[in-house]
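Undergrad: Would you mind keeping the following structure in view while I ask a few things?
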Amino acid sequence: MPDSDATPSLVNNATAIERRKTIGGLIRSIREIAGRKPKDIADFVGISAPALTGIETGEKEASLPQLEA
C-alpha cells in the first residue's frame, strides 16, 4: 500500500516500476517455457540480448511494437 504522504508522482513511478517488473517476468516465463534463450527472442524482436534482459528484469521498458512481436 502506498504511503499516504507519498506524492502522486512517486506513487505513479512506483506503479510503473512494478508494471515493468510484472511484464518482464511474464516475458521471461513465457520464453523459458518455450525453451528459448534470450538471444533467440532478442533477434526475433530486433533488439540486443542485454536489452531483452533489461526488459525481463524490469530495468527497461518494452515498447508496444516490441510487445506485439
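We did not get these values from a lab; they are worked out from the coordinates using the rules stated. Only a predicted model underlies this, so the values are computations on that prediction, with no experimental measurement involved. Ideal geometry is used to build each Cβ from the backbone, glycine not excepted, and the neighbour counts take in all protein chains shown.
Undergrad: If the Cβ limit is 8 Å and pairs must be 6+ apart or interchain, which residue in the range 22-50 that is of a type in the set (Val, Ile, Thr) pairs with which residue that is part of a loop (DSSP other than H, G, I, E, B)?
TA: THR22/GLY58; ILE23/GLY58; ILE23/ALA62; ILE27/ALA62; VAL45/ALA69
Undergrad: Same structure, new question: Just need a number here: residues in the range 16-62 that are loosely packed, with under 13 Cβ neighbours inside 10 Å, under 13 Å from the mean Cα position of the chain (by Cα) and of a type in the set (Asp, Glu).
TA: 1
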